[in-house]
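Data first, discussion second: the structure below is written as structure tokens.
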Amino acid sequence: MKSGSRSSQSWGQSERGPTVIIVPHTHWDREWYRPFQVFRARLVALLDDLLELLEKQKGFRHFHLDGQTVILEDYLEVRPEREPLVRRLVEEGRLSVGPWYVLPDEFLVSGESLIRNLLLGRRLAAQFGSPCQVGYLPDMFGHIAQMPQILRRFGIKSAVLWRGLDYERSRHNEFRWVAPDGSWVLALHLPPRGYGGLALLSRDPEDGLERVRKHLEFTAPRSASGVILLLSGDDHMLPDPGLPGFLDRLPAAFPSLEFRLGSLEEFFERVWAREDPDLLAEVRGELNSPKDTRVLQSVYSTRMPLKQLNFQCETLLERWVEPTCVYTEWLGLRPQIGLLRSAWKWLLRNHPHDSICGCSVDQVERDMRARFAWAQEIGEELLQRDLQAISQRVDTAGLLSQGEWGLVAFNPSSQEGPQLVEGECLLPGALAGEELSALSPEGEELPVEVLPAERKALKGPELLEEGIPPEPEWTKLRFVAPGLPPHGYALFRLRRGKARPPRELGAGERWI
């Protein structure tokens, strides 16, 4: 960590005077102590009130919609007639959306999932206007070291975070958050109460003034730029219609400060204009310290089957479906981008911290299992179609003898070497229950293990597909291929009969 050379300023020492930007917001956990559909009903009521408030009160300049665009999908599925109004408010800058699709846990999902999260979130936000250009990370249970790098690659140069960082390490509210590759963002460290503690300030104005005072006692001395952020909201909190009126009370209570109702982007624009980031403390590495804020790392082993299902789905989409989708597009086939994106959405909806961390009610786990299943069903169907399309274009003329069947084995990785090949394929019914062997492209005879198949018989149009053998039956096969080309395939010849045992046993560093 590099210590900033500028000392902390007190209220009023900035040349232009300290400015406090008040950002109304809600923090929306899609599921947690209630399941998704219960919270969605409450979300609809909240956004109904919010949109009416923004329409009627022009002085309510802005509302921050928690940095996640899935909220728009959840709402507009129920209120599709409100889409033009939502679009107009986003375009006018009065409602900020994105850049995330959901607010994810950073440690329990893959790096590719984090990137897809931002890709989908920004794409959806762009359909309504401009996505918020602040990396909003208000409640994640700690942060990975590469997060500044990911944000920068999306053109995002500012971030807001809370958990996992000691206040003595950040030194000021603002600090330089540096990734291992040297890329960095200007980050704001939220106070000990995080994004909450300042909701509904107008309900009891005297209590509201006292809460603002306590907030400023911590944040004002730590402000290096003379620009202070005040987030007015909390978990599942409705907007405060009296906030603009409460704002009028603040100059008399704090005469040395300027107060404005604004946005996160406005806050960072002012910070960038006033502060030289090179003078700020530099923070590197994972942020997972529990000293000042709880990071709840015990959730890494909570409801472990959910973590396993997530890994299976991520592996399916990242390592299998997407590479084969690219290959089939090279062959001139129509890519199934819409279905692939749908699978990613079902998977990403399980990545908020209260979901993937397994710290919600039991009904949430049941809902998550359904989403994982839908992501897996879509992925496996796309993979089956793409692999079949590639296999049908493999020229087997002159390669197969009488009584032999071709089997194409794929290697999605960049590694070449012995590979365990396992999968279900359609074979003629006459081969059911027979012992089988396989010949490699080099002519090596390989033993094949025949296992019970999980798939059912073909029905309807499936029987008319090209290359279907007579009286087809699903058969599950397993064998060790001596070598598969990286990101490629090889043709094996299946035949009746048991493979002859090898004359000598071979062994490598990781195989025998």
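Report the calculated FRET efficiency for GLN415 and TYR167 (r = Cβ-Cβ distance, R0 = 45 Å), to the nearest 0.05.
Once rounded, the FRET efficiency stands at 0.50.
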Quick one: what does P(r) look like for the chain with 10 Å bins over all Cα pairs, in whole %? 3, 16, 23, 20, 14, 10, 7, 4, 1, 0
Inter-centroid distance (Cα atoms) of the range 395-442 relative to the range 282-347, Å: 31 Å
Roughly speaking, what is the centre-to-centre gap between the range 81-102 and the range 145-175 when only Cα atoms are used, to the nearest Å? 25 Å
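Where a ≥ b ≥ c are the square roots of the eigenvalues of the C-alpha gyration tensor, would you call the range 19-289 rounded, which needs a/c under 1.5, or, failing that, prolate if a/b is larger than b/c, or oblate? Mind showing how you got there, number by number?
On the way: a/c = 1.62, a/b = 1.06, b/c = 1.53.
Oblate, because a/c is 1.5 or more while a/b does not exceed b/c.
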To the nearest 20 debye, what is the magnitude of the charge dipole of the range 302-373 about its Cα centre, counting +1 on the Cβ of each Lys and Arg and -1 on the Cβ of each Asp and Glu? 120 debye
Among MET237, LEU257, HIS27, whose Cα sits farthest toward the positive end of the charge dipole of the chain (+1 at Cβ of Lys/Arg, -1 at Cβ of Asp/Glu, about the Cα centre)? LEU257
Using only the Cα atoms of the range 8-158, build the gyration tensor, take square roots of its eigenvalues as a ≥ b ≥ c, and label the shape rounded, prolate or oblate: rounded if a/c is under 1.5, else prolate if a/b is larger than b/c, else oblate. oblate
Cut-off 14 Å between beta-carbons: net charge of the residues surrounding GLU83, Lys and Arg +1, Asp and Glu -1: -2
Of the options LEU119, GLY142, GLY155, report the single residue whose Cα projects farthest towards the positive end of the charge dipole of the range 19-289 (beta-carbon charges: Lys, Arg +1; Asp, Glu -1). GLY155
Here the range 125-132 yields Karplus 3J(HN,Hα) values (6.51, -1.76, 1.60; θ = phi - 60°; whole Hz; Gly and Pro given as x) of 4, 5, 6, 10, x, 9, x, 4
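No value in this document is a laboratory result; all are computed from the given coordinates. Computed from a prediction, not measured in an experiment: that's the story for all the values here. Using ideal geometry, Cβ is built from the backbone for each residue, glycine included, and neighbour counts are taken over all protein chains shown.
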